[in-house]
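Reading through the structure tokens given below for one structure.
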Amino acid sequence: STQSTWEVSSFHLVSQTVNMGASNSLPSGDRRRLLVIGGGYTAFWLIPALEKEGFYDVTLVDRKDYWENNTAGVRFFVQPEFHTRTSIKYSDWFKSTQFVQGEAISVNDTQAEVRTPTGEVIKLSFDACILATGSSYNSVWKAEDTSLSDRRSTIETFSARLKQANHVVVVGGGATGVEFATEIRGVYPSKKITIVHSGDRVLPKNPLKASRLAAARLAALNVDVILNDKVVETSADGVVRTTGGKTIDGDCVIQASGPTMNSAFVSKLLPDAVDPKRGEVKTTLTMQVEHHPSLFAIGDVWNLPQEKTAFSLKDSAPFLVGNLNRYFRGVPLKRWSPSKQAQFPGLIIMGPKYGILSLGPVMTFALAKASSIKEDFWTTLPGLKRKGQK
């Protein structure tokens, strides 16, 4: 695939974030050490704003040397060349933030331990720490590769396997599973595609109308949907068995359900901070970790009542910036109240010319240009553009 070079550009929403935090700024010259653990969407919303604030010495820890828009995986696993438009190495992005590649292995109220790629364990002290480690799947869906070159190799390999497959089985009928199945259908009109979903309707986190529209679209695209059944076994060659006794002879299986929260490093020293059943970090409405005010949490890893989507961070990330400023000024922090729209995935694409947009609990409709809107979101959310592009 063709390599692309990127540069950071200004981004309207980031500018709004900076303005929100400015009124709560620290006194001039009073700097604070801020550690951000996890380089997903939260980092792209937070770090440009924190750098603009001018009084944080920011360090980002991530086990990968790159960022990718993993929601675009529904497309770049089908069309690998698309990955070059939705990923960037951290070294090509930062202005003043220090990047440390490694995996966080523990954290307390004042410092974190990080294991670097060489196996060395280092300690990073901080005045405040943001836990933004997200979630992971037992799948190629979210990156396990620590280098950008390895990640692109993994994507190429999986895409080749997908191309050769006769029957693709998608496990999970939420937003990711539905989008993945319909992206595959858009490129491969004759493949057999089956979605296996444990619930009684696809898009279970969306309004009922969205589920009905999606079910009709899937039927029109000749995508089989099995509801109220759960995959219990998948063989190496792609044969799937379910709790309902079904055997599905697939030869390519895509896992799009059952995320695991990346919080084990938190519970190692702070077991009271993590829900033992769900693995989520216990977070107050001020976005602080319960009983640990120097630790903040955001994104997939927290347990606040907000749908865990990249788009929802456009509201929660600037709010966190404001509360960090208040924390260091010693004034009361504000309490987060998620919008109703942020409680479910808003825009679901279902092929190149169809999508479903939910703007509220009772406002859902089909949208012909959904794919082009989502592609803009995938490629411009980070505020990046090709060098030379105006």
Check your understanding: So which strands (runs of 3 or more DSSP E) are wholly in the stretch 210-329 and hold at least 1 residues that are farther than 26 Å from residue 358 by Cα?
Key -> 231-234, 239-242, 247-249, 252-255, 292-297
Practice item. Return the only residue of 99, 94 being among the aromatic types (Phe, Trp, Tyr), within 19 Å of residue 58 (Cα to Cα) and part of a strand (DSSP E or B). Key: 99
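Can you tell me which residue within the stretch 340-350, out of those that are in a loop (DSSP other than H, G, I, E, B) and under 22 Å from residue 378 (Cα atoms), is modelled with the highest pLDDT?
Going through the qualifying residues, I end up with 350.
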Review point. How many residues are open to solvent by less than 20 Å² (accessible area, probe 1.4 Å), at pLDDT below 95 and closer than 20 Å to residue 280 by Cα when one looks only at the stretch 97-140?
Key: 3
Practice item. Consider only pairs whose beta carbons are under 8 Å apart and that are at least six residues apart or on different chains; among these, list those whose first residue lies in the stretch 175-191 and is of a type in the set (A, V, I, L, M, F, W, C) and whose second residue is in a helix (DSSP H, G or I). Key: 178/214; 178/218; 180/73; 180/74; 181/218; 184/162
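The values are calculated or read from the model by the stated rules, or taken from the named source; none is laboratory data. Everything quoted here is computed from the prediction, not taken from an experiment. Cβ: placed from backbone, ideal geometry, glycine included. Neighbour counts: every protein chain shown. The accessibility values were calculated without ligands, DNA or RNA, using every heavy atom of the protein model including side chains. Shrake-Rupley method; radii C 1.70, N 1.55, O 1.52, S 1.80 Å.
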